[in-house]
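The values are calculated or read from the model by the stated rules, or taken from the named source; none is laboratory data. Just so we're clear, the structure is a prediction, and the values are computed from it rather than from any experiment. When we count neighbours, we look across all protein chains shown, and the Cβ atoms used for this are built from the backbone with ideal geometry, even at glycine. For accessibility, only protein heavy atoms count, side chains too; no ligands or nucleic acids. Shrake-Rupley method; radii C 1.70, N 1.55, O 1.52, S 1.80 Å.
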Amino acid sequence: MSDFMKKFSLEGKVALITGASYGIGFAIASAYAEAGAEIVFNDIKQELVDKGLAAYEEKGIHAHGYVCDVTNEEQVQAMVAQIEKEVGVIDILVNNAGIIKRIPMCEMTAEQFRQVVDVDLNAPFIVSKAVIPSMIKKGHGKIINICSMMSELGRETVSAYAAAKGGLKMLTRNIASEYGEFNIQCNGIGPGYIATPQTAPLRELQPDGSRHPFDQFIIAKTPAARWGETEDLQGPAVFLASDASDFVNGHVLYVDGGILAYIGKQPQ
Ligand code: NAP
Ligand code: GCO
């Protein structure tokens, strides 16, 4: 491998990807393993951690799985201490775990709003706070927050999610500002509309076999005229975790097929 390409390698690095038993987190972790990193992930339930471990094994990846609710600071602190003991200091953190509730704002309870903000915004704060001290001691670190189109745009029924993901964009910038001097880079990835369990309801075929109206809407709003696949996020995620991005800090890299640049296809 040339000296230049070594900048994109994750050899010798320990990467924690939260909520990575499947979906976007699993795809990013798989790419990190391909780039040489030691993979650590968590999920809330043991059965999902076990499923995730089996899925990684199937790809030839010997991952380390931990049961941890990322909204619980005690559990997160304990998990990070256990990882440091059993695997090593975390060089790369991907705050991927996330939920969404699609409810019209005036029908959403404050508790439902809080639940979404807890996972999508408070948890990235909790997990980042747990890993930063050892990154400082080690002299480097990479934190990647999985933001969203909703870090920039709103739409009906996703008030809590948009508020959280908008806040996550600013948390990304603040971590970059506060810890950049310790050679810690904190950036975001803003996926467009990606085919995962989280968006499955938006892609369900209609009873007459036609595509879901929202599915057709996204196709018309995306210059690439397709939904993203989790694999579309792998290259950008490796770049932001590697030495090649050491002077990129506080940036949100949108991987959206061009949605944010496009007014949308004129209805025929
Ligand atoms: P997903 O398929 O719903 O997976 C979310 C993962 O997060 C699951 O493994 C889930 O575990 C885990 N999780 C949820 N709450 C958790 C908690 N409290 N503690 C630990 N793990 C928890 O979602 P996805 O589509 O892969 O999305 C992953 C991230 O990308 C999310 O932050 C999402 O907001 C963001 N995103 C998604 C899209 C998209 O189009 N799919 C676009 C932009 C951004 P359980 O199964 O146990 O709940
Ligand atoms: C929704 C979708 C989006 C995607 C993603 C877009 O209901 O609008 O779930 O929010 O999950 O965040 O970037």
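For the stretch 242-260, the criterion of being modelled with pLDDT of 95 or more, under 28 Å from Lys101 (Cβ atoms) and among the charged types (D, E, K, R) is met by at least one residue.
Taking first residues from the stretch 148-166 that are within 7 Å of ligand 2 (Cβ to nearest atom) and partners that are of a type in the set (Gly, Ala, Ser) and open to solvent by 30 Å² or more (accessible area, probe 1.4 Å), the Cβ contacts under 9 Å between residues at least 6 apart in sequence or on separate chains come to Ser148/Gly98; Met150/Ala163; Tyr161/Gly98; Lys165/Gly98. Residues of the stretch 173-203 being within 16 Å of ligand 1 (Cβ to nearest atom), at pLDDT 95 or above and out of contact with any Ser or Thr (no Cβ under 9 Å at 6 or more places or on another chain), which ones? Within the stretch 173-203, just Ile189 meets the criteria. Among the residues of the stretch 179-195, the ones that are more than 11 Å from ligand 2 (Cβ to nearest atom) and either in contact with a Cys (Cβ under 9 Å, 6 or more places away or on another chain) or assigned to a loop (DSSP other than H, G, I, E, B) (or both) come to 4 in all.
In the condition set (1) under 16 Å from the mean Cα position of the chain (by Cα); (2) open to solvent by less than 10 Å² (accessible area, probe 1.4 Å), Asp43 is compliant with all but (2). All of Val49, Val40 fail the test of being touching a residue at least 12 places away in the same chain (Cβ under 8 Å), of a type outside the set (Asp, Glu) and either in contact with a helix residue (DSSP H, G or I) (Cβ under 9 Å, 6 or more places away or on another chain) or within 16 Å of ligand 2 (Cβ to nearest atom) (or both), apart from Val40. Would the stretch 204-219 turn up any residue that is buried (at least 20 other Cβ atoms within 10 Å of the Cβ) and farther than 16 Å from Val94 by Cα? Yes - at least one qualifying residue is present in the stretch 204-219.
Residue-by-condition table, conditions (1) more than 12 Å from ligand 1 (Cβ to nearest atom); (2) out of contact with any Asp or Glu (no Cβ under 8 Å at 6 or more places or on another chain); (3) among the β-branched types (Val, Ile, Thr):
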position	(1), (2), (3)
Arg155	yes, yes, no
Arg211	yes, yes, no
Trp227	no, no, no
Gly235	yes, yes, no
Asp243	yes, yes, no
Val252	no, yes, yes
Ile263	yes, yes, yes
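Here is a list: Asn249, Asn187. Which entry is open to solvent by 40 Å² or more (accessible area, probe 1.4 Å), touching a residue at least 40 places away in the same chain (Cβ under 8 Å) and polar (S, T, N, Q)? Just a single option satisfies the conditions, and that option is Asn249. Going through the stretch 17-33 one residue at a time, which ones are over 11 Å from the mean Cα position of the chain (by Cα) and in contact (Cβ under 8 Å) with a residue 60 or more places away in the chain? Those that are over 11 Å from the mean Cα position of the chain (by Cα) and in contact (Cβ under 8 Å) with a residue 60 or more places away in the chain: Tyr22, Ser30, Ala31, Tyr32. Residues being surrounded by 14 or more Cβ atoms within 10 Å (Cβ to Cβ) and outside any helix (DSSP H, G or I) are entirely absent from the stretch 229-241.
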